[in-house]
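Enquirer: I have a structure here, written as structure tokens, and I will follow up with some questions on it.
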Amino acid sequence: MKKSLAVFVSGFGSNLQVFIDQKQVWDKLLVISSKADAQAVSRAKEAELPVEVLEKSIDWEKLHQTLLENKIDLVFLAGFMRIVPGEFISKWEGKMFNLHPSMLPKYKGLKAIEQAFEAQDDVGVSIHHVVPEVDSGEIVLQEVAVTGAEAMSLTLENVKEMTHNKEHQLVSQWIEKYGN
Ligand code: GRF
């Protein structure tokens with residue numbers, strides 16, 4: 001039986017697009033956005049997917065109920081820019097994943113690509129289980145996008161683009177691993 005997935009977004013939605021392009025994998029693909037005017041929302045509407053836009057002050061219990069009503073099996077945070085409270089995370093323990101543009105546990109938090117680039121370190125992508133501590137939790141997929149040595153002859157913009165491309169590849173791998 002196919003599973004149902006909720007993808008949480010806030011911004012551009014290029015990773016959401018990977019899910020959209022393979023939407024036949026899921027019984028239901030629900031998009032949850034913290035921003036009404038996010039490009040990700042336009043992508044979801046274009047693909048005729050159900051979208052829920054959250055209020056500024058998120059009612060996490062209501063959101064949990066929405067996920068239950070939609071029989072959601074898995075949650076994927078793809079550029080979701082709000083901190084998810086521990087109580088909500090514990091309800092979805094083992095079923096919630098996050099995408100982060102660094103070789104975790106290195107460079108947690110914001111500006112991860114910039115941090116690694118400035119340190120001339122490897123820039124990469126991780127997908128991990130969500131636990132209450134930000135950008136922690138068991139890593140399920142991880143790959144280097146650009147090595148520190150390679151990055152020395154590239155601009156930050158090049159490195160960002162290569163990292164985002166690697167994110168899209170890893171999201172596809174995640175779909176293969178968890179979508180069945
Ligand atoms: C990605 O870099 C992701 O790793 C980070 O936020 C960005 C979202 O990009 N958490 P997009 O909205 O999927 O294009």
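Enquirer: From the list S14, S90, pick out the single residue that is of a type in the set (G, A, S) and either within 15 Å of the ligand (Cβ to nearest atom) or touching a helix residue (DSSP H, G or I) at 6+ places or on another chain (Cβ under 9 Å) (or both).
Expert: Details: S90 fails: either within 15 Å of the ligand (Cβ to nearest atom) or touching a helix residue (DSSP H, G or I) at 6+ places or on another chain (Cβ under 9 Å) (or both).
The unique qualifying residue is S14.
Enquirer: Can you tell me which residue is surrounded by the fewest Cβ atoms within 10 Å (Cβ to Cβ) among those in segment 83-107 that are within 14 Å of the chain's Cα centre (by Cα) and within 13 Å of I127 (Cα to Cα)?
Expert: The selected residue is K95.
Enquirer: Output yes when any residue across segment 121-133 is among the β-branched types (V, I, T), touching a Pro at 6+ places or on another chain (Cβ under 6 Å) and crowded, with 17+ Cβ neighbours inside 10 Å, and no when none is. I'd like the intermediate steps shown before the answer.
Expert: From segment 121-133, those among the β-branched types (V, I, T) are 123, 125, 127, 130-131; that's our starting set.
Next cut, touching a Pro at 6+ places or on another chain (Cβ under 6 Å) only: 125.
Okay, now just the ones that are also crowded, with 17+ Cβ neighbours inside 10 Å, so 125.
Yes.
Enquirer: While we're on this one: Considering only segment 1-105, give the strands (runs of 3 or more DSSP E) lying wholly within it that have at least 1 residues that are in contact (Cβ under 8 Å) with a residue 60 or more places away in the chain, aliphatic (A, V, I, L, M) and closer than 30 Å to T147 by Cβ. Even if it seems obvious, please write down each step before you answer.
Expert: On the way: elements: 4-9, 28-33, 51-53, 74-77, 96-100.
Here the list reads 4-9, 74-77, 96-100.
Enquirer: Would it be correct to say that L63 is closer than 20 Å to G137 by Cβ and within 15 Å of the ligand (Cβ to nearest atom)?
Expert: So L63 does not fit the description; no.
Enquirer: When residues of segment 109-119 are filtered for being within 11 Å of the ligand (Cβ to nearest atom) and in contact with a Ser or Thr (Cβ under 8 Å, 6 or more places away or on another chain), how many remain?
Expert: Total meeting the criteria: 2.
Taken together, the values in this text are just the output of simple stated rules run on the coordinates, not laboratory data. Nothing here was measured: the structure is a model prediction, and the numbers come from that model. No Cβ is skipped: glycine too gets one built from the backbone with ideal geometry, and neighbour counts run over all protein chains shown.
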